[in-house]
Amino acid sequence: MPDAARPPRHVLILGGTTEARRLAAALVPDAAGAAGSAGVPGSAPVPALRVTSSLAGRVAAPRLPVGEVRIGGFGGPEGLARWLRAHAVDALIDATHPFADTISHHAALAAAIAHVPLLALRRPGWVPGPGDTWHQVTSLDEAAAVLPALGSRIFLTTGRMGLSHFAHLTDPWFLVRSVDAPEPPYPPRMEVLLDRGPFTVEGERALLRTYRIDVLVTKDSGAAATAAKLTAAREAGVPVVVVRRPRVPGGVPVAADPDAAVNWLREVFSEAGSH
């Protein structure tokens, strides 16, 4: 029988993504109706949980998940490990953006230090289809290097934090889309479009026409909310420079969606309860 005196198991979600918010909603009783009712049929429910979501604080007005929320960094892997121990965290889920590789590596180190099970929740990446003209690169610097040979009116959708990698390009004109206004250094010939997804194919078509875009630059975030630009680019014959995502740290299991993450938690807590 379960120990009635035992406090709820504590799950820390490193969040900021749609998947992180969906996972929190599935695990918080008031949001899901019952803890762990994430739409996974034929499985035992997740035990009552305490769910804390951690946001980096880089967006001025973030979309907050349900449950407890903390905002700000931890002070490196050692600081995160101390937080895991001090708050009795039973499971850690890295549901950050696929390109937030620093925090992902910190999470792997911290989980090892604190002996806390860790899962990476990563949406699948985009895959080129018929009619796509993709130039896949491994970094923003490599993306900047290939741009001059591809076009002169660039739609840059890699986020405001990486604009310094393009600041030395003085000839091309850039349309930069981001949630918050960027800070220098950034390209000298640039217009900023403040907007937040999801975006529609019709809207992206109009944007490419209005600004006479001849190259699109994007990170392989894999989000459906921002995939419409790829369809619009394919239809318009616009080449796309795609920055490949970094790999998940070695040895960390990966779930492709929140339902799979819930199943992982069931297994982890079931194994812990049997010992």
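Just so you know, all these numbers are worked out from the coordinates, no wet-lab data involved. Everything numeric here is computed off the predicted structure, so don't read it as measured data. As a convention, Cβ positions derive from the backbone with ideal geometry for all residues, glycine included, and neighbour counts pool all protein chains shown.
Things worth noting here:
- This structure gives Rg/Rh (Cα atoms, Kirkwood Rh), computed directly, and of (1) 1.02; (2) 0.93; (3) 1.05 that value is listed as (1).
- Couplings for region 143-151, taken from phi via the Karplus curve 6.51 cos²θ - 1.76 cosθ + 1.60 with θ = phi - 60°, read 4, 4, 5, 8, 4, x, 7, 9, x Hz in order; Gly and Pro are left as x.
- Region 134-243, relative contact order in percent, only Cα pairs under 8 angstrom and at least six apart counted: 33
- Qualifying trypsin sites (Lys or Arg not before Pro) for region 62-91 [loop in DSSP, other Cβ within 10 Å: at most 11]: none
- Under 12 Å, Cβ to Cβ, from Gly222 - net charge with Lys/Arg +1 and Asp/Glu -1: +2
- Farthest towards the positive end of the charge dipole of the chain, among the residues Met190, Leu55, Thr18, is the Cα of Met190, using unit charges on the Cβ of Lys, Arg, Asp and Glu.
- For Thr170, net neighbour charge (Lys/Arg +1, Asp/Glu -1) across residues whose Cβ lies under 15 Å away: +1
- Each Lys and Arg adds +1 at its Cβ and each Asp and Glu adds -1 at its Cβ; summed about the Cα centre, region 67-159 shows a dipole of about 160 debye.
- Computed from the C-beta positions of Glu183 and Ala88, the FRET efficiency with R₀ = 25 Å rounds to 0.05.
- Between 0 and 90 degrees, the angle of helix 101-114 with respect to the longest Cα principal axis of the chain falls at about 20 degrees.
- The sum of -39500 (n - 2.57) across all DSSP H runs of n ≥ 4, divided by the residue count of the chain, sets its helix-only mean residue ellipticity at 222 nm to -8500 deg cm²/dmol.
- Helix 258-273 axis, angle to the chain major axis (alpha carbon atoms, nearest 10°): 30
- Cα-based Kirkwood hydrodynamic radius, region 134-243, one decimal, Å: 13.7
- Electrostatic tally near Asp195: other residues with Cβ closer than 13 Å to its Cβ, Lys and Arg +1, Asp and Glu -1, net +1.
- Label point distance in nm, Ile113-Val146, each placed 7 Å from Cα along Cα→Cβ: 3.7
- Among Gly159, Ala110, Pro172 the positive-end extreme of the charge dipole of region 110-250 (Cβ point charges): Ala110
- Under the criterion of Cα pairs below 8 Å and six or more residues apart, the relative contact order for the chain equals 20 percent.
- At full extension, Ser139 and Thr210 could sit 22.7 nm farther apart than now, given 0.36 nm per residue minus the alpha carbon distance.
- This model, with +1 at the C-beta of Lys and Arg and -1 at the C-beta of Asp and Glu, gives the chain a dipole about its Cα centre of some 220 debye.
- In the chain, the longest principal axis of the Cα atoms and the axis of helix 76-86 are about 30 degrees apart.
- Panel note: the C-alpha atoms of region 72-222, placed on their principal axes, show extents of 54, 36, 26 Å (largest first).
- Here region 178-268 is treated with +1 on each Lys and Arg Cβ and -1 on each Asp and Glu Cβ, and its dipole about the Cα centre works out to around 280 debye.
- FRET efficiency for the Leu64 to Thr170 pair, using the beta carbon distance and R₀ = 41 Å, is estimated at 0.55.
- Extended-chain gain in nm, criterion 0.36 nm per residue less alpha-carbon gap, Val127 and Asp257: 45.1 nm
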